[in-house]
1. Out of all the residues in the stretch 136-153, is one or more within 21 Å of residue 188 (Cα to Cα), free of Cβ contacts under 8 Å to residues at least 40 places away in the same chain, buried (at least 18 other Cβ atoms within 10 Å of the Cβ) and not charged (D, E, K, R)?
2. Can you tell me how many residues within the stretch 210-242 are free of Cβ contacts under 8 Å to residues at least 60 places away in the same chain and not in a loop (DSSP other than H, G, I, E, B)?
3. From (1) touching a residue at least 60 places away in the same chain (Cβ under 8 Å); (2) open to solvent by 60 Å² or more (accessible area, probe 1.4 Å), pick out the condition that doesn't hold for residue 161.
4. Go through the stretch 50-71 and count every residue that is part of a loop (DSSP other than H, G, I, E, B) and either closer than 16 Å to residue 34 by Cα or open to solvent by 10 Å² or more (accessible area, probe 1.4 Å) (or both).
5. May I ask you to list the residues in the stretch 25-49 that are outside any helix (DSSP H, G or I) and farther than 17 Å from residue 308 by Cβ?
6. State yes or no: is residue 297 closer than 25 Å to residue 23 by Cα and open to solvent by 50 Å² or more (accessible area, probe 1.4 Å)?
7. Would you point out which residue out of 153, 148 is part of a strand (DSSP E or B), touching a Phe, Trp or Tyr at 6+ places or on another chain (Cβ under 7 Å) and of a type in the set (A, V, I, L, M)?
8. Looking at (1) closer than 13 Å to residue 303 by Cβ; (2) of a type outside the set (Val, Ile, Thr); (3) in contact with a strand residue (DSSP E or B) (Cβ under 8 Å, 6 or more places away or on another chain); (4) part of a loop (DSSP other than H, G, I, E, B), find the lone condition where residue 80 falls short.
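The values are calculated or read from the model by the stated rules, or taken from the named source; none is laboratory data. Predicted, not measured: the structure shown is a model, and the values here were computed from it. Here the Cβ is made from the backbone with ideal geometry for all residues, glycine too, and neighbour counts use every protein chain on show. Only protein heavy atoms, including side chains, enter the accessible area calculation; ligands, DNA and RNA are left aside. Shrake-Rupley method; radii C 1.70, N 1.55, O 1.52, S 1.80 Å.
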Amino acid sequence: MTAPKNVLAVIAPHVGGRTAGAGLATLFPDQAEVTVVERTDEDPAALRAAHVVITALAPVTAEHLAAAPELRLVQCASHGFDYVDVDAARDLGVPVCTIGSSGAEAQNVAEQTFALMLALAKQLVPAHTALVGADWALPRLQRSLTELSGKTLGIVGLGQIGREVARRAVAFDMSVVYAGRNRAPQETEARLGGARQVPLDELLRVSDYVSLHAPLTDDTRNLLDAARLALLKPTAFVINTARGALIDQDALADALEKGALAGAGIDVFDPEPPTPALRLLRAPNVVLSPHVGGVTRETLVRIALAAVENVTGYLAGDPPRDVISGSAPGR
């Protein structure tokens, strides 16, 4: 007798839409029946029968969850989980998982972080724009050119990605301080050039570059508000490759416009894509990118495989990995 198939629903990803969802669906074994959906009313039978919902930056709402009475797991194909209604999942007894321990995105996000840092330090965007306009801008730009060597990098969130950023900072002869709920093991701190854990406010006061790598939760939303941004040196730079809502975007624009900060490198926005009214689009000395920190060809493969591995392991009876704190242990 043939064993019944596990039923999976892929909520079409925010990046790549239905095509990306269909590609993700092809990675599952034959014993899984996979359907790509976007709305709760699009294919009610698919959600009604789903044992697992998989998503990559596409919202999983309370309505999605309520439409899936057989649901046993929500798998995020990302390190983040802010687009899933974790409270509704918890109330239904459904665990929500990420791919956090896989480190699938860590390499590229760390590289993007340093691309933004270097672009700001070397004034690459205004230099390029000036040269294209036949303006030899060296006399004007040289006053604001700076080095990474000898500077202090403050990392907010020393998880998989934060550690990759710190490792690169050591190669650039930077000092590393970090803030977070838990202290890293001493051997990790030693490997990262003697990285030190400090309170967030102290980190902001002493850092030349501040790089955000924390998840977006109720506690971290607007983590860098006007009061905290005011703690930074006027020569400091802010880098955000995590989630846009970690920073009060208007407060950051205020600081840049007043010259209270040297610059900002931003890969993530709230909302995404940003509206034309976003002041950061016109703020001085910013380098912006459209959330490309986790979407190289190599990264997307690692992300998909990490999500598939966790789901297939769970369906085979293994405990799920990277369950979000506060979500349920499972039905």
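1. no
2. Total meeting the criteria: 9.
3. Here residue 161 meets the rest and fails (2).
4. Quick first cut of the stretch 50-71, residues part of a loop (DSSP other than H, G, I, E, B) only: 50-51, 56-59, 61, 67-71.
From what's left, either closer than 16 Å to residue 34 by Cα or open to solvent by 10 Å² or more (accessible area, probe 1.4 Å) (or both): 50-51, 56-57, 59, 61, 67-71.
Result for the stretch 50-71: 11.
5. Within the stretch 25-49, 37, 38, 39, 40, 41, 42, 43 meet the criteria.
6. On the way: closer than 25 Å to residue 23 by Cα: yes; open to solvent by 50 Å² or more (accessible area, probe 1.4 Å): yes.
Answer is yes for this residue.
7. Numbers: 148 fails: part of a strand (DSSP E or B).
Just a single option satisfies the conditions, and that option is 153.
8. The one condition residue 80 does not meet is (3).
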